[in-house]
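**Student:** One structure is given below, represented as structure tokens, and several questions about it will come after.
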Amino acid sequence: MELLGIDIGGSGIKGAIVNTETGELITERHRIPTPKGAKPSDVADEVAELVEHFNWKGKVGCGFPALVTHGIAHTSVNIHKSWRGVNVEDLFEERTGLEFTVANDADAAGLATMTFGSGKDKKGLVFMITLGTGIGSGAFYNGELIPNFELGSMPYKKHKRIEYYVSDAARKRYKLSYQEWGARVHKFLRLLEKLFSPDYIIIGGGASKKFDRFKDQIKIATPVIPAAYQNNAGIVGAALLAK
């Protein structure tokens with residue numbers, strides 16, 4: 001089965017047609033910059049442009065950077081505050097005329113990784129952590145998704161959210177070396193280990209491509225591995241949502 005997957009992030013909106021049986025991209029990935037401010041109407045326009053780019057007429061799966069239940073966004077950390085309470089599925093369906101399934105972006109990325117990537121056949125409690133503009137997190141128990149596990153929202157010292165201290169955006173903001181940033185990632189993962197005793201932690205998002213540059217700073221007992229799909233996991237997982 002081929003379906004369109006769209007991954008909405010703080011800096012870019014990416015999409016591709018995906019073979020949901022194999023996890024392979026059928027088309028080249030297409031990326032549009034996330035509009036400044038990321039307001040609902042503007043993002044919906046870009047999603048419609050992405051759908052038109054692929055001349056797509058079927059179902060669409062979409063990973064979205066917020067806590068999402070029944071299609072409704074409930075948080076707005078890395079997007080405009082006016083998203084709170086918006087039915088994202090209805091908005092995108094009205095704009096494109098197509099059926100949308102929308103879920104948290106980290107949950108979508110984790111779904112791809114658990115189905116086709118580093119998490120395949122792994123049992124117990126598995127965390128998928130995406131390090132990008134913020135921190136996304138997906139939780140799985142024996143392969144089943146536990147939705148909206150927002151680990152990046154935990155407060156940490158003077159920071160209202162630990163993602164302000166650990167995300168890839170924080171690395172750039174504080175001009176940290178990968179060694180310095182890796183030490184911060186270690187603190188975050190050590191906290192997760194103490195609180196939840198996970199069986200595996202999988203690192204995804206853009207940071208997964210740079211894993212070798214900071215992995216030596218991570219010294220916890222829980223196995224920590226990069227996501228095999230790297231930056232395409234959100235697109236593949238979004239297509240799986242539509243399936």
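**Student:** When the chain is fully extended, how far beyond the present Cα-Cα distance does residue 26 get from residue 191, taking 0.36 nm per residue of separation?
**Tutor:** 55.5 nm
**Student:** Express as a percent, rounded to the nearest 5, the fraction of DSSP beta bridges in the range 64-159 (both residues included) that run antiparallel.
**Tutor:** Restricted to the range 64-159, the bridges split so that about 95 percent are antiparallel.
**Student:** Turning to a different aspect of this structure: By how many degrees, 0 to 90 and rounded to 10, does the Cα axis of helix 105-116 deviate from the longest principal axis of the chain?
**Tutor:** Here the helix axis deviates by roughly 80 degrees.
**Student:** Calculate for the chain the 222 nm mean residue ellipticity that helices alone would give, adding -39,500 (n - 2.57) per DSSP H run of length 4 or more and normalising by residue count, nearest 500 deg cm²/dmol.
**Tutor:** It comes out at -9000 deg cm²/dmol, rounded to the nearest 500.
**Student:** Quick one, which of [x] 122; [y] 112; [z] 138 is the actual volume of the Cα convex hull per residue in Å³ calculated for this model?
**Tutor:** Only one option fits the structure, namely [y].
**Student:** Report the trypsin sites (Lys or Arg not before Pro) located in the range 128-232 that are in a DSSP loop and have at most 16 other Cβ atoms inside 10 Å of their Cβ, or state none.
**Tutor:** For trypsin sites (Lys or Arg not before Pro) across the range 128-232 that sit outside H, G, I, E and B with at most 16 neighbouring Cβ atoms in 10 Å, the list reads 157, 158, 160, 175, 219.
**Student:** Moving to a separate point now. Most fluctuating residue of 97, 63, 23 in a GNM of the chain with Cα springs under 10 Å: which is it?
**Tutor:** 97
**Student:** Which residue fluctuates most in the GNM of the chain (Cα springs below 10 Å): 87, 142, 78?
**Tutor:** Of 87, 142, 78, the Gaussian network model singles out 142 as fluctuating most.
**Student:** If the chain between residue 11 and residue 94 were fully stretched, how many nm would it gain, using 0.36 nm times the residue separation less the Cα-Cα distance?
**Tutor:** 27.5 nm
**Student:** Send over a whole-number figure in Å² for the accessible area per residue of the range 60-185, probe 1.4 Å.
**Tutor:** 43 Å²
**Student:** May I pose another question? Would you tally the net charge around residue 204, using a Cβ to Cβ cut-off of less than 13 Å, leaving residue 204 out, and scoring K and R as +1, D and E as -1?
**Tutor:** Computed value for this residue: -2.
**Student:** Relative to the longest principal axis of the C-alpha atoms of the chain, give the angle of the C-alpha long axis of helix 178-196, reported between 0 and 90° and rounded to the nearest 10°.
**Tutor:** In the chain, helix 178-196 runs at an angle near 90 degrees to the longest axis.
**Student:** Still on this structure, please answer the following. Just to be sure I understand: with springs between alpha-carbon atoms less than 10 Å apart, which residue in 18, 60, 86 has the highest mean-square fluctuation in the Gaussian network model of the chain?
**Tutor:** 86
**Student:** So how much slack lies between residue 142 and residue 1, counting 0.36 nm per residue of separation and subtracting their Cα-Cα distance, in nm?
**Tutor:** 48.3 nm
**Student:** Continuing with the same structure: For the range 52-114, state which trypsin sites (Lys or Arg not before Pro) are in a DSSP loop and have at most 11 other beta carbons lying within 10 Å of their beta carbon.
**Tutor:** Answer in residue order: 57.
**Student:** Sorted from largest to smallest, which semi-axis lengths in Å does the alpha carbon gyration tensor of the range 155-243 give for its equivalent ellipsoid, taking the root of 5 times each eigenvalue?
**Tutor:** 22, 16, 15
**Student:** May I pose another question? To the nearest Å, what is the center-to-center distance of the range 114-190 and the range 31-97, using C-alpha atoms only?
**Tutor:** 23 Å
**Student:** Mind listing which GluC sites (Glu not before Pro) in the range 1-65 are in a DSSP loop and have 15 or fewer other Cβ atoms within 10 Å?
**Tutor:** Sparse-neighbourhood loop GluC sites (Glu not before Pro): 21, 28.
**Student:** Another one. Once neighbouring chains are kept in place and the probe is 1.4 Å, which whole percent of the accessible area of the chain is contributed by carbon and sulfur?
**Tutor:** Carbon and sulfur together cover 47 percent of it.
**Student:** In percent, how large is the relative contact order of the range 21-100, given Cα pairs closer than 8 Å and 6 or more residues apart?
**Tutor:** Contact order relative to length: 28 percent.
**Student:** Relative to the longest principal Cα axis of the chain, at what angle does helix 233-242 sit, 0 to 90 degrees, rounded to 10?
**Tutor:** The two axes meet at around 50 degrees.
**Student:** Taking every DSSP beta bridge that has both residues in the chain, what percent is antiparallel when rounded to the nearest 5?
**Tutor:** Looking only at bridges with both residues in the chain, the antiparallel portion is about 60 percent.
The values are calculated or read from the model by the stated rules, or taken from the named source; none is laboratory data. Predicted, not measured: the structure shown is a model, and the values here were computed from it. Virtual Cβ from ideal backbone geometry, glycine too; neighbours counted across all protein chains shown. Heavy atoms of the whole protein, side chains included, go into the accessibility calculation; ligands, DNA and RNA do not. Shrake-Rupley method; radii C 1.70, N 1.55, O 1.52, S 1.80 Å.
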